[in-house]
1. Considering amide H positions built from the backbone, and no H for Pro or chain starts, which residues 5 or more places from ARG105, or on another chain, come under 5 Å of its amide H?
2. Once every DSSP H run of n ≥ 4 in the chain is given -39500 (n - 2.57) and the sum is divided by its residues, what mean residue ellipticity at 222 nm do you get, rounded to the nearest 500 deg cm²/dmol?
3. Viscosity 1.306 mPa s, temperature 10 °C: give me the Stokes-Einstein translational D for region 44-160 in µm²/s, with Rh taken as the Kirkwood radius over C-alpha pairs.
4. With a 10 Å radius around each residue's Cβ, average the other Cβ atoms per peptide and rank 125-135, 162-172, 62-72, 191-201, highest first.
5. Principal axis extents for the chain, Cα atoms only, whole Å, descending order, please.
6. Over 15 Å apart: what share of the alpha carbon pairs of region 21-64 falls there, rounded to a whole percent?
7. Determine the percent antiparallel among the DSSP beta bridges restricted to region 1-120, to the nearest 5.
8. Compute the orientation-averaged projected area for region 1-98 from the convex hull of its Cα atoms and round it to one decimal in nm².
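The values are calculated or read from the model by the stated rules, or taken from the named source; none is laboratory data. The shown structure was predicted, so the numbers you read here are calculated from the model rather than taken from an experiment. Here Cβ is always computed from backbone atoms with ideal geometry, including for glycine, and neighbour counts include all displayed protein chains. In case anyone asks, the SASA skips ligands and DNA or RNA and just uses the protein heavy atoms, side chains included. Shrake-Rupley method; radii C 1.70, N 1.55, O 1.52, S 1.80 Å.
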Amino acid sequence: TPAAPAVSNGDETITYAELGERSRRLAAHLRAIGVRRGDFVGVCVERSVDLVVSVVAVLETGAAYLPLDPAFPEDRTRFMLTDAGARFAIAQSSTVSRVSDTGARIVRVDTDAAEIAARPATSVESDATPADLAYVIYTSGSTGKPKGVMIEHGNALNFFAGMDERLPHDPPGTWLAVTSLSFDISVLELLWTLTRGFHVVVHRAGKSETSARAAKPVDFSLFYFASDETKRGPELYRLLLEGAKFADANGFTAVW
């Protein structure tokens, strides 16, 4: 569905054909400056259409992307780039200071736009296999130094297959993507969706992406990640029970 909307952010929307063309041109640019299969490429881009294009382009080259959230402290960003041994980084004028002085070669998607647009829009040969890395995401560091968790293409595709069984996607709908690229639920929101034909709306903090013209209202659910097993007694499930009552009273779709 090349003419279908693929990614939106604010007033900008690109189709699947445009996403393919822009990501292939950026991939060709990355390949031209030396990015190869097995490399790590830092992605320090504000939440935007360019963020999605950057991630897809890195995967096109056979390299693995390293999320560098611009909201993180600069010293943490530099630590992740250095610790991963990333030789390349994608940034913007507004974020380039966060990846400078690390030894990484930097591509700026805004100021280098003309050079990138001049690259061929044909696919590059990535030679990536299911055992090659797709991305590396660093832990929060709450138990010490942050550690990079490396995920292979095969791992990601297995996750996609699991989501296919759980989430209805025929026909694909519109997905509001709210999660930081540095948290791997973003892989569900940005990559599972785009490989299934969704229209992905990238939410940016402080901006409303909802519309009065929406075809259907937004459904709300409550999701509980884990129980607190350090406590015992009658209060253990109070949050869950009160949350379920609130969900029932306010028409929520589900409690997970």
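1. Placed amide hydrogens put PHE88, ALA89 under 5 Å from ARG105.
2. Values: 6 runs with 72 residues, N = 256.
Mean residue ellipticity at 222 nm (helix-derived): -8500 deg cm²/dmol.
3. On the way: Rh = 15.2 Å.
D, rounded to a whole number, is 105 µm²/s.
4. Values: 125-135: 16.1, 162-172: 11.3, 62-72: 22.6, 191-201: 19.7.
Order by mean packing, descending: 62-72, 191-201, 125-135, 162-172.
5. 61, 46, 35
6. On the way: 307 of 946 pairs.
Above the 15 Å cut-off, region 21-64 has 32 percent of its Cα pairs.
7. Values: 4 of 16 bridges.
Approximately 25 percent, going by the DSSP bridge assignments.
8. Working: hull surface 25.3 nm².
Over all viewing directions, region 1-98 projects a mean Cα-hull area of 6.3 nm².
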